[in-house]
Structure formats: structure tokens, C-alpha cells
Amino acid sequence: MTSLLMKAEIEGYKKLLEDIWPYASLSGTSLNQFGMFETCLRKGYYYSSLKIDMEPMPSYYGLCHSRDCTTDDFNDEQLQSDFKELINSTGILDKYNVKMKLFKISLDDADFIFYDPLNYKKDSGMMFTFTLFLIGMFLILSCFNPIFCQLMNFKKQVKVSINTRDIENNEKHDDENQGLTNNEITVIKQVETNKSCFLDYSIQASYNTLFTFKDHDTNLSIMEGYRSIGFLMVIFGHQFLDLAKSSFKFEMIAQLKSWLCLNLVNMLYSVDMFFWLGGFFSAYMLFEKSKVKLVKRNGLTIFGFLLHRILRIWPCYVVAILISSQLVPYIGDGPRWFMALDRFECATGWRNLIFIDNLFYDTQYCFPWGWYLSTDMQLFISSLIPMFLYAKLNSRISKAVIISLLVITQTIGTVMSLVNEYLLPPFALTQPNMHQNYYTKPFTRGPPYYLGLLLGVLYRELKENNMNVLSRLQEYSQKRQFKFKLFCYLLGCLIIGGIWFGWRPAQLNYQNQEYWNKTIQSIWFAFCRLGIAIGMSLLSLPCLFGMKDIFNLTFMRNNYFRFINKISFSGYLIHQIIIFGLLGQFYQTPNFSFETIFTLYIGNLFITLICSIIFCLFIEQPLTRMENSLMKYMFNK
């Protein structure tokens with residue numbers, strides 16, 4: 001089938017080229033094929049990159065043309081209309097749509113956007129200069145910290161010696177100089193405070209924190225594995241999606257029945273893993289006995305927890321946005337670089353700064369993958385409500401509210417899925433507006449978060465010896481550990497495996513989207529994320545109960561995973577910059593095959609890890625220590 005489609009497409013292009021040559025020539029004979037860039041320029045022609053912005057996904061080409069025309073000429077509305085008529089006259093789209101039922105292409109509402117690959121870099125402005133200054137400041141403060149600290153130590157010794165002479169004089173003159181001595185002690189304290197704040201920038205302190213593994217609660221060892229596996233899945237899944245959008249369409253279609261495509265699509269469940277982990281650790285930290293007592297005494301303390309959360313994320317988030325929108329656009333070139341520039345555009349950055357970019361229903365994204373941070377922040381704010389009730393009223397009401405939030409968000413997601421007829425995850429990815437209407441919204445991504453929140457509350461109570469459902473289950477499991485672990489592992493793997501592989505029959509019949517009843521597909525789409533969270537919860541129970549084994553302690557807590565866990569936040573912020581940047585640098589279209597995907601993944605992962613370590617050492621760790629110092633100063637002075 002693929003060969004027939006390719007033949008039809010080539011015939012259509014031959015007719016098209018006969019009509020417009022020698023004035024212009026498309027870069028290839030397949031959807032999204034780029035080429036001829038250097039050859040075109042060497043022969044004295046001009047090259048324009050073309051984006052056909054249409055549903056369900058855009059298509060890309062290169063156009064080699066006479067110097068009598070410019071890119072601005074091609075962007076003229078009348079000429080765009082002529083282009084549409086010319087392409088429709090070939091009959092290529094009709095033949096394509098007859099053969100394919102999964103993707104329907106129409107040029108009626110499409111926009112033809114032309115880019116000049118030799119001149120699409122924007123002019124550097126004040127924000128570019130500010131970003132360079134900010135990055136330079138972090139590097140200087142971190143690298144030259146030891147020298148400045150030695151100077152400050154010297155000054156401190158001078159102050160102390162002067163203070164000693166004052167004390168000796170006080171012994172002779174009794175009360176004459178007592179006020180001067182008190183003033184001098186105040187100066188010493190100020191110097192020590194400055195030194196402590198300045199040490200936050202120490203590269204040595206950042207290195208020790210990053211490469212030193214401390215033993216905390218070993219019952220949470222499985223969580224480090226979850227976070228690390230989720231991080232690796234995020235990179236794999238995002239690379240797959242971005243390669244699919246910019247690679248050869250027919251090669252992608254040829255892979256739709258393969259196990260490769262099935263596993264790649266399932267990588268998107270990594271986001272639900274992070275939401276579940278976010279809910280669990282939010283509860284584990286917020287519902288600590290000392291913090292509950294603080295809120296019970298003063299309900300306004302809850303805003304301090306929110307401030308801590310914002311300050312923990314916001315500074316690194318801002319730096320990452322500045323790097324992607326102000327610096328990265330200047331480091332690439334080539335006929336496909338405009339694809340990356342589209343992702344680095346940041347006209348609506350104010351939405352990201354106040355964590356509401358996911359609430360809009362347009363496609364004007366700044367830092368497109370930042371929607372997760374906004375959704376997570378909104379879910380965290382909602383978790384403060386049960387925390388407040390837990391402190392002010394009682395635990396039962398708080399847990400009832402968490403369960404209610406889980407049920408409400410799951411109901412909203414299910415209704416939206418049924419109304420919009422969202423199909424199985426791989427098919428839903430191509431449905432119009434699914435991403436901005438459903439995928440990024442807190443009221444549809446809430447179930448995994450609230451399930452993790454509920455489990456975190458129960459585990460915190462278990463750690464503090466409070467009786468609850470989890471403590472009674474622990475007592476029951478201690479008497480029959482082997483059977484309990486076997487039950488949890490088998491049931492957890494069956495649930496996750498069923499969601500992961502269960503839609504395989506529908507995948508093999510992807511051309512007939514009604515192979516499964518649409519209602520069943522919509523319900524599957526609505527509940528699959530909660531199912532992943534339930535499976536993760538079951539797999540976690542033996543570890544939470546202290547039942548250590550080779551899986552939850554040795555494998556899930558190995559030092560490689562623990563290290564990736566430490567840089568996962570920095571890695572998430574910059575991983576898409578690496579993926580977009582690398583794919584945009586190709587002068588020719590990369591193939592959509594296992595070899596290409598695997599090779600790109602290894603390269604992207606390696607570069608992301610290196611850049612994450614640098615970002616963590618020079619930016620995240622110093623800012624985190626500053627935030628901790630600020631919070632201690634504000635709430636413990």
C-alpha cells in the first residue's frame with residue numbers, strides 16, 4: 001500500500017514540476033522531504049523553506065526557485081491561493097485521502113508560510129543581552145566563589161581583632177566604650193550573614209550535593225526509580241512525536257502497525273507517572289505533623305507552603321525560558337531550522353510566568369512543554385484545601401475531599417472524552433484540538449495526582465503511627481509477605497500491561513477506527529491514565545511497607561537512577577530544547593525508522609544529561625539554596 005501511495009504522489013509531483021519548472025522546484029518527491037539546499041545555492045538559485053500549516057499536522061518542504069522571486073513574494077495572499085490551486089490540480093491529495101483513512105488532508109483552511117533559511121534570525125535586543133548577562137553572572141559567581149570567600153574570611157578576622165582590642169579597653173575604662181563594642185558585634189553578624197548568602201553560589205557545594213547520595217527513607221526507594229524511568233520515557237516520547245511531525249509521512253504510516261509505534265505512543269504515560277509522584281510527595285511533605293500544627297495555629301501559614309513551591313520552580317523556569325527564546329535561536333541554521341524557531345517563539349511568556357499557559361485554548365505556546373509545570377502547580381494549589389481541612393477539622397473530611405476531587409476530575413475527563421469522541425491514545429493524538437482542549441488541563445489530568453495525594457496522606461500517617469486503612473493493610477501483609485508481594489506485583493503489572501498492550505488489536509486495524517466501538521475507545525482514553533496510577537500504587541505497596549527485595553531496593557534505587565532523579569527537574573526544563581535543536585539542524589529529512597529513532601534517542605539523552613548537569617550545578621542548586629535561606633529567614637527569624 002505504501003508503495004502505491006508513493007507512486008501516486010510522485011506522479012502528482014511530476015505534473016506539478018512540469019507546470020512551474022524552471023521557475024521553482026520542490027525539494028523532494030515525498031511529504032516533508034527536504035533536500036537540495038546546498039546544491040540549490042551553489043547553482044545560483046534561491047531556497048525558501050515552506051510550512052503548510054494544516055490539520056491534523058503540518059507538512060514541510062523546501063523550494064528551490066529563481067532569484068526573481070523572494071520569500072516575501074511567496075507569502076503574498078494571492079500567490080498562496082495560486083499555490084493551493086496548483087497542488088489541488090495534481091490530484092495528489094485526492095489519491096492520498098482515498099488510500100488513507102487515518103489522516104485526511106485538505107488545503108482549504110491551510111496556511112502556506114515561507115521562511116528564508118539565510119535570514120530568519122531575529123535581531124538581538126535587550127532581552128538577549130540580559131540573558132547573556134544573567135548566565136554570565138551565574139558562571140562567575142559559582143566559579144570564583146572560593147576566592148571571594150577567602151577575602152571575606154580575611155575581613156572577618158580583622159573585625160574580630162578590632163573587637164578584641166575594644167574589649168581590652170573596656171576592661172580598663174569600664175563603661176566608657178560599651179556602646180562601641182555592641183555596635184561592632186552587630187557588624188560582625190552582618191558579615192557572617194553576607195558570607196552565608198554568598199556561599200549559596202559555591203560550585204563546590206553544588207557538586208557535593210549533586211554527587212553525594214544520602215540515605216533517607218528507604219521505604220521510598222521505589223519512587224526514585226519511578227522518577228528516573230519517567231524522565232527517560234519523557235525524552236523518548238517527545239523525540240518520537242517531534243520526529244513523526246517532521247519526518248517522511250509515508251514512513252511513519254508504514255510503522256503504525258509495528259511494536260515500535262505501540263511502545264513509542266505509550267511513552268506519553270510518563271507524564272501521568274510524574275503527576276502521581278507529584279501528588280504523593282506533596283502529601284508526604286505537607287501533611288507532616290509539625291506543618292499540620294503550624295497551619296492549625298495559623299491558617300495563613302498555608303500561603304508560605306505555596307510561596308516555597310513557587311520559589312522552588314519559578315527562578316529555574318524563567319532562566320530556561322530565557323535560554324530557549326533568547327539564546328538558542330542564534331545557534332542553528334539550515335533549511336529546517338525554522339521548525340525549531342516555531343517552538344522557541346515566546347510571545348505569550350507572561351502566561352508561563354504565572355502558571356496559567358495551559359488554561360488557554362489557542363496554540364500560541366511559549367515553552368510548549370511548560371504546560372506540565374503549570375498543571376502541576378494548579379493541582380498543588382488544590383491540594384492545599386484538604387491540607388487546610390486536615391489541620392483545622394479532621395483527617396476524615398480531608399480524605400473525603402481528596403476522593404471527591406479524584407472522582408470529579410475523572411468524571412469531567414470521561415464526559416469530555418465521550419462528547420468529543422476521543423479515540424485510543426494514538427488516534428486521539430491526530431484529533432483536532434485534543435491537546436489544548438483535554439491533554440493539558442488540570443481537570444482532566446487530576447486523577448493520577450489525587451490518587452498519589454491520597455496514598456501520600458495515608459503513608460505519612462503510617463509513618464507517624466496513626467491508624468488508617470494503610471496501617472491495617474500493613475498488619476495483614478506482615479503475616480503473609482510473599483503472597484502479598486506476589487499479589488501486588490502481579491496485579492500491578494497486569495493493569496499496566498493491559499493498558500500498555502491491550503489496544504494492540506485496534507492498532508493492527510488502524511485504518512478502520514471503528515474496529516473497536518467508539519464509546520469503548522472514549523472510555524479507554526478517559527481511564528487509561530488513572531489505570532497507570534493504580535498499577536504504580538500497587539507496585540509501590542510492598543516497598544512502602546518495608547518489604548525490601550531486588551526490585552524495589554536494588555533495581556529501582558541503583559545509583560544511576562538516583563543520579564538521574566537529582567537532575568530530572570533540570571533535564572525536563574531543557575530536554576525539548578535539545579530535541580528541537582537537533583532535529584532542526586538536519587539539512588535533509590531524517591528517516592522514521594527504528595535505527596534513526598534509537599540513534600537520535602541515545603544522542604539526545606547524552607546531550608541532555610550533560611546539559612542538565614551543567615544547569616543543575618550553576619543554576620538550579622545555587623537558586624535552591626538561596627530559596628531555602630530566604631524561607632528560613634522569612635519564617636524562622
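When each of the peptides 435-447, 464-476 is scored by the mean number of other C-beta atoms lying within 10 Å of its residues, the order from highest to lowest reads 435-447, 464-476. If you take all other residues with their beta carbon under 11 Å from the beta carbon of residue 273, and give Lys and Arg +1 and Asp and Glu -1, the sum is +1.
Peptides 588-594, 522-528, 497-503 ranked from most to least packed, by the mean per-residue count of other Cβ atoms within 10 Å: 522-528, 588-594, 497-503. With unit charges on the beta carbons (Lys and Arg positive, Asp and Glu negative) and the dipole taken about the Cα centre of segment 413-495, which residue among 489, 477, 462 sits farthest to the positive side? Checking the options against the dipole of segment 413-495, the answer is 477.
With the highest mean first, a sort of the peptides 201-211, 607-617, 273-283 on other beta-carbon atoms found within 10 angstrom per residue produces 273-283, 607-617, 201-211. Any idea which of 394, 360, 406 is furthest toward the positive side of the dipole for segment 328-420, if Lys and Arg beta-carbons carry +1 and Asp and Glu beta-carbons -1? Comparing the listed Cα positions along the dipole, 394 ranks first. For a quick check of your reading of the filter: which trypsin sites (Lys or Arg not before Pro) in segment 209-286 sit in a DSSP loop and have no more than 16 other Cβ atoms within 10 Å? In loop regions of segment 209-286 (DSSP not H, G, I, E or B), the sparsely surrounded trypsin sites (Lys or Arg not before Pro) are 214, 257. Taken about its Cα centre, segment 458-603 carries a charge dipole of roughly 540 debye when the Cβ of each Lys and Arg holds +1 and the Cβ of each Asp and Glu holds -1. In this structure, the pairs whose alpha-carbon distance is over 20 Å, taken from 293/399; 51/84; 214/548; 289/463; 293/392; 289/548, are 289/548.
Would you mind classifying segment 446-501 by shape? Square roots of the alpha carbon gyration tensor eigenvalues, ordered a ≥ b ≥ c; an a/c under 1.5 is rounded, otherwise it is prolate if a/b is larger than b/c and oblate if not. Spell out each step's value before the answer.
Values: a/c = 4.08, a/b = 1.22, b/c = 3.35.
Oblate, since a/c reaches 1.5 and b/c is not below a/b.
Every read-out reported here was derived from the displayed coordinates using simple, explicitly stated rules and does not represent laboratory data. Owing to the predicted nature of the structure, the values given are computational and were not obtained by experimental measurement. We place every Cβ from the backbone using ideal geometry, glycine too, and count neighbours over all the protein chains shown.
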